[in-house]
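Some notes on the structure that comes next.
The values are calculated or read from the model by the stated rules, or taken from the named source; none is laboratory data. Every value quoted in this text rests on a predicted model; they were computed, and no experiment measured them. Heads up, the Cβs are rebuilt from the backbone with ideal geometry, glycines too, and the neighbour counts pull from every protein chain shown. To get the accessible areas, we keep the full protein, side chains included, count just its heavy atoms, and leave off ligands, DNA and RNA. Shrake-Rupley method; radii C 1.70, N 1.55, O 1.52, S 1.80 Å.
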Amino acid sequence: MKTKRHGAVVGLIAAGALLLTACGSDNNTAATGGSSTGGASTPSAPVECGGKTKLNAEGSSAQKNAIDTFVQAYQQQCAGADLAYNGSGSGAGIKNFNAGQVDFGGSDSAMKDAEIAAATERCQGNPAWHLPMVFGPVALGYKLNGVTDLALNAEVTAKIFNGSVKKWNDPAISALNSGAKLPDTEIKVVYRNDESGTTDNFQKYLTTAAPAAWTQGDGKQFKGGVGEGKEKSAGVAQAVASVDGAITYVELSYAQDNKLSIAKIDSGAGAVELTGESVGKAIDSAKIKGQGNDLVLDLNSIYGTKAEGAYPLLLATYEIVCSKGYDADTAKAVKAFLTVAATTGQAGLADAGYAPLPDAFQEKLLTAIKAIA
């Protein structure tokens with residue numbers, strides 16, 4: 001995702017960003033808090049600055065620009081503090097966290113059993129926690145001459161991406177877009193041909209929300225069997241922008257950068273536009289399957305949501321931390337950084353193509369961060 005201002009993203013800020021204020025004090029403690037644009041108060045969370053002056057973290061590239069936004073807020077609130085983040089990928093993030101080479105890891109998926117065992121050992125016999133700090137909306141970005149307002153559902157999307165629906169005026173698409181003049185244009189699927197967490201989450205969404213139509217399974221390699229593969233998010237978005245009738249799945253900022261139209265998603269309660277508010281409703285519908293402060297998400301509860309006004313196609317990234325087992329200086333700095341990230345750091349996320357945290361979910365994160373020892 002690119003850190004770049006977009007006119008369309010400004011609407012995300014108005015819909016869902018947390019406009020938070022901060023003030024320093026003589027004891028180097030910053031208080032964060034404020035209110036959302038909807039009028040509800042956001043949790044107040046004091047930031048105890050201090051400890052290790054430079055943290056190191058590594059992992060998911062999908063959250064790299066969100067982390068950059070968090071670092072800016074962290075440096076503003078905690079003088080002399082810094083964090084270096086290497087967006088080397090989720091696998092490397094988990095591996096190097098478990099090896100004790102970084103202070104926390106970033107991963108687009110929860111750790112598996114063997115990784116959990118290694119993380120427990122790294123944390124001096126204490127559990128490692130998954131903290132879902134960054135949510136990135138995934139757009140169904142398309143280019144279709146004369147059509148900029150389009151609704152799809154999971155079943156039709158699955159059939160497009162496995163080749164069962166081949167034309168834009170297919171009756172299945174027309175049924176979701178009453179009154180629209182859909183052309184007799186061939187659908188050209190563009191997919192990621194490199195291993196991608198976006199591909200994995202997209203296919204998990206299809207598996208959950210349209211199991212009868214999407215039987216190919218999930219994973220970081222695209223399994224639809226049709227279309228043209230391109231590398232990286234920029235590659236698929238650019239390819240769609242150059243071909244009439246093309247469609248892809250891609251992080252929001254890339255769809256906007258390339259001026260792609262973005263399909264609404266109908267999960268059964270009407271077509272829903274991708275906005276900060278609609279993403280926030282999907283996050284609020286998420287169930288936690290982890291224990292206590294280990295906030296592992298049941299992604300099926302998001303992908304399969306029927307909540308009115310919820311946009312379900314998201315990518316969630318975890319910060320993987322030790323619940324205990326850090327030295328005192330590292331624990332203090334990790335808690336300070338994550339507290340800033342969950343509060344004032346949220347204000348810049350919509351502008352970078354991410355979804356700010358809704359208040360109720362933010363409270364769960366702050367409770368877990370406070371419990372790190």
**Report entry** Distance (nanometres) between label positions extended 7 Å along Cα→Cβ at Glu48 and Glu121
**Finding:** 3.1
Report task. Set Lys and Arg Cβ to +1 and Asp and Glu Cβ to -1, take the dipole of the chain about its Cα centre, and tell me which of Val165, Leu297, Asn98 lies farthest positive. Result -> Val165
Query raised in the report: What spacing in nm lies between the two simple spin-label points modelled at Lys166 and Glu273, each 7 Å away from Cα in the Cβ direction?
Result: 3.5
Report summary line: On the accessible surface of region 253-296, probed at 1.4 Å with all protein chains in place, carbon and sulfur together account for a percent value of 41
Requested in this report: List the lysines whose Cα lies under 25 Å from the Cα of Lys332, skipping any in the same chain that are fewer than 8 positions away.
Outcome: Lys52, Lys54, Lys64, Lys95, Lys324, Lys364, Lys370
Report task. Round to the nearest 0.05 the FRET efficiency obtained for Gln216 and Ala360 when R0 = 45 Å and r is the Cβ-Cβ distance. Result -> 0.85
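First measure r as the distance between the Cβ atoms of Ala99 and Gln72, then evaluate 1/(1 + (r/R0)^6) with R0 = 45 Å and state the FRET efficiency to the nearest 0.05. Before the final figure, lay out each step's value.
Values: r = 28 Å, r/R0 = 0.63.
With R0 = 45 Å, the Cβ-Cβ based efficiency is 0.95.
Note down the magnitude of the dipole of region 112-211 about its Cα centre, charges +1 on Lys and Arg C-beta and -1 on Asp and Glu C-beta and zero elsewhere, to the nearest 20 debye.
Details: 10 positive and 11 negative charges, 60 e Å.
That gives region 112-211 a dipole magnitude of about 280 debye.
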Query raised in the report: Reachable lysines from Lys223, Cα under 19 Å, same-chain residues fewer than 8 places away excluded?
Result: Lys159, Lys166, Lys188, Lys204, Lys232
Report task. Multiply the residue gap between Thr185 and Ala371 by 0.36 nm, knock off their C-alpha separation, and tell me the result in nm, one decimal place. Result -> 61.4 nm
**Report entry** Potential extension, Asp194-Ser174 segment - 0.36 nm per residue separation minus Cα distance
**Finding:** 4.0 nm
Requested in this report: Tell me the label-point distance for the pair Ala328, Asn300, using the 7 Å Cα-to-Cβ offset, in nm and rounded to one decimal.
Outcome: 4.6
**Report entry** Within the chain: Cβ-based charge dipole about Cα centre, in debye rounded to nearest 20 (Lys, Arg +1; Asp, Glu -1)
**Finding:** 320
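Of all DSSP beta bridges in the chain, what percent run antiparallel (nearest 5)? Intermediate values should be presented prior to the final figure.
Values: 38 of 53 bridges.
If we restrict to bridges inside the chain, about 70 percent are antiparallel.
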Query raised in the report: Accessible area per residue, 1.4 Å probe, Å², for the chain: what's the number?
Result: 39
Requested in this report: Find the centroid of the Cα atoms in region 157-200 and in region 83-119, then give the distance between the two in whole Å.
Outcome: 35
Query - Helix-only CD estimate at 222 nm, as mean residue ellipticity for the chain, using -39500 (n - 2.57) per DSSP H run (n ≥ 4) - result: -10000 deg cm²/dmol
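Name the trypsin sites (Lys or Arg not before Pro) in region 148-179 that are in a loop by DSSP and that have at most 11 other C-beta atoms within 10 Å, would you?
Details: sites: Lys159, Lys166, Lys167; in loops: Lys166.
Here no trypsin sites (Lys or Arg not before Pro) fit, given the DSSP loop and packing criteria.
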